[in-house]
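Below: the structure, in structure tokens.
The values are calculated or read from the model by the stated rules, or taken from the named source; none is laboratory data. Being a predicted model, the structure only gives us computed values, none of them experimental. Backbone-built Cβ (ideal geometry, glycine too); neighbour counts: all protein chains shown. When the accessible area is computed, the model is the full protein with side chains, heavy atoms only, and any ligands, DNA or RNA have been set aside. Shrake-Rupley method; radii C 1.70, N 1.55, O 1.52, S 1.80 Å.
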Amino acid sequence: PRVTIVGAGRVGSTLAQRIAEKNLADVVLLDIVEGMPQGLALDLLEARGLELHNRQISGTNNYADTANSAIVVITAGFPRKPGMSRDDLLKINAKIVVDAAKNAIAHSPHAIFIVVTNPLDVMTYLTWQATNLPRNQVMGMAGVLDSARFETFIALELGVLPADVKAMVLGSHGDLMVPLARYATVNGIPITELLDAATIERLVERTRNGGAEIVELMHTGGAFFAPASATSLMVESILLNQSRLLPVAAYLQGEYGLNDIVIGVPCRLGYGGVENILELTLSDQESSALQTSAESVRRNIQRAQD
Ligand code: NAI
């Protein structure tokens, strides 16, 4: 299979490396900057013999070269520049993402789309709209990353192996995300048995602030290693039909009492994309946090289209 990555920036190029080195698919990297995706692709090809995989990797500025992709990942977009409001960024990225989605679907009409560009839930909604695809074929990556951050902080606190910690973060990608602390476990043991409430709240707060913590440390740009790993996990579950149950930004039609909105919920990912959405029983507090999160996404969808 072939995976196209639109936006050969830090997330896009790292994702290309992961997909090729995990031997999941051939990769096409597309960017508006001339020469840059071609150069990255050549660099990755030159690592092929050293990493012992045989995947094709190419770079292009032309959507015709992305034809017949099984999956299109959209990471194209800009971070906020000085003097720019969030609304300005919203509109600039909306235009980039909608253009990318329309151009990509024209050459890969059966593709599954995974959106990474921020603001994530809004960009995923616009991609669903622009491609006119069935809802199971369009999704956004956020929850897998936010959950990995929560799991990391729990593992660090307890001094246990990160892979033994399982947690899920729902809702929108941002301050209003909904970490489900009472469902988090270490190999099946609820963290509520292992940590006191104040400590759990501190870890939840650090998770909410996980993206910003890295931006503050790095100054130039944000996280990309873990975002690329999280996206590659979704790509893998789809291409290998693994049916993993992951928190994914999906288009809702009545689930969780929400309609015509994209937000992070537990989804089973396989050949068809979002194979189904699991409706968890939420506490009143979790449920109202999810509603608040959805209202904010809805306002921003409106703003992006004004
Ligand atoms: P970056 O600036 O390194 O890369 C963005 C790339 O998009 C650049 O190479 C740029 O030339 C390209 N681009 C811009 N307009 C384009 C167009 N019209 N067509 C094709 N390519 C175009 O940024 P980075 O760090 O890779 O982040 C990319 C996006 O992913 C940002 O919006 C960021 O906020 C978001 N992000 C989302 C995460 C999530 O959890 N959903 C996690 C990390 C980043």
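Here THR75 passes the criteria (1) open to solvent by less than 30 Å² (accessible area, probe 1.4 Å); (2) out of contact with any Gly (no Cβ under 7 Å at 6 or more places or on another chain); (3) under 26 Å from ASN118 (Cβ atoms) except the one numbered (2). Checked against (1) among the hydrophobic types (A, V, I, L, M, F, W, C); (2) open to solvent by 10 Å² or more (accessible area, probe 1.4 Å); (3) more than 14 Å from the ligand (Cβ to nearest atom); (4) more than 21 Å from VAL28 (Cα to Cα), ALA148 passes all but condition (3).
Among the residues of the stretch 72-109, those identified as assigned to a loop (DSSP other than H, G, I, E, B), farther than 16 Å from GLY221 by Cα and without any contact (Cβ under 8 Å) to a residue 40 or more places away in the chain are GLY83, SER85, PRO109.
Is the stretch 155-167 home to any residue that is part of a loop (DSSP other than H, G, I, E, B) and at positive phi? Within the stretch 155-167 (the criterion being part of a loop (DSSP other than H, G, I, E, B) and at positive phi), the answer is yes, since at least one residue qualifies.
Within the option set LEU50, LEU45, being more than 22 Å from MET141 (Cβ to Cβ), more than 10 Å from the ligand (Cβ to nearest atom), surrounded by 15 or more Cβ atoms within 10 Å (Cβ to Cβ) and at pLDDT 95 or above holds for one residue only, LEU45.
Among the residues making up the stretch 95-118, those that are near the ligand (Cβ under 8 Å from one of its atoms) and crowded, with 21+ Cβ neighbours inside 10 Å are ALA100, VAL115, VAL116, THR117, ASN118. Listed by first and then second residue, the pairs with beta-carbon distance under 8 Å, at least 6 apart or on different chains, first residue in the stretch 16-44 and part of a strand (DSSP E or B), second at pLDDT below 95, form an empty list. Among the criteria (1) over 27 Å from GLY210 (Cβ atoms); (2) outside any strand (DSSP E or B); (3) open to solvent by less than 40 Å² (accessible area, probe 1.4 Å), the one MET123 does not fulfil is (1).
The residues of the stretch 186-199 that are within 13 Å of PRO162 (Cβ to Cβ) and either at pLDDT below 95 or buried (at least 17 other Cβ atoms within 10 Å of the Cβ) (or both) amount to a single one, VAL186. Residue selection: ARG135 fails the criterion of being free of Cβ contacts under 8 Å to residues at least 60 places away in the same chain, surrounded by fewer than 18 Cβ atoms within 10 Å (Cβ to Cβ), basic (Lys, Arg) and more than 13 Å from the ligand (Cβ to nearest atom). In the stretch 24-42, how many are away from the ligand (no atom under 11 Å from the Cβ), farther than 21 Å from ILE71 by Cβ and among the β-branched types (Val, Ile, Thr)? The total comes to 0. Residues in the stretch 27-40 that are surrounded by 13 or more Cβ atoms within 10 Å (Cβ to Cβ) and over 14 Å from GLY7 (Cβ atoms): GLN38, GLY39.
Among residues of the stretch 264-293 that are open to solvent by 60 Å² or more (accessible area, probe 1.4 Å), those with a Cβ under 6 angstrom from a residue that is polar (S, T, N, Q), sequence gap 6+ or separate chain, pair up as ARG268/SER243; ARG268/ASN276; TYR271/ASN241.
Results for (1) buried (at least 20 other Cβ atoms within 10 Å of the Cβ); (2) more than 16 Å from the ligand (Cβ to nearest atom); (3) free of Cβ contacts under 8 Å to residues at least 24 places away in the same chain; (4) not in a loop (DSSP other than H, G, I, E, B), shown as yes or no for each residue.
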position	(1), (2), (3), (4)
LEU217	no, no, yes, yes
GLY221	no, no, no, no
ALA228	yes, no, no, yes
SER237	yes, yes, no, yes
LEU245	no, yes, no, yes
ALA249	yes, no, no, yes
LEU252	no, yes, no, yes
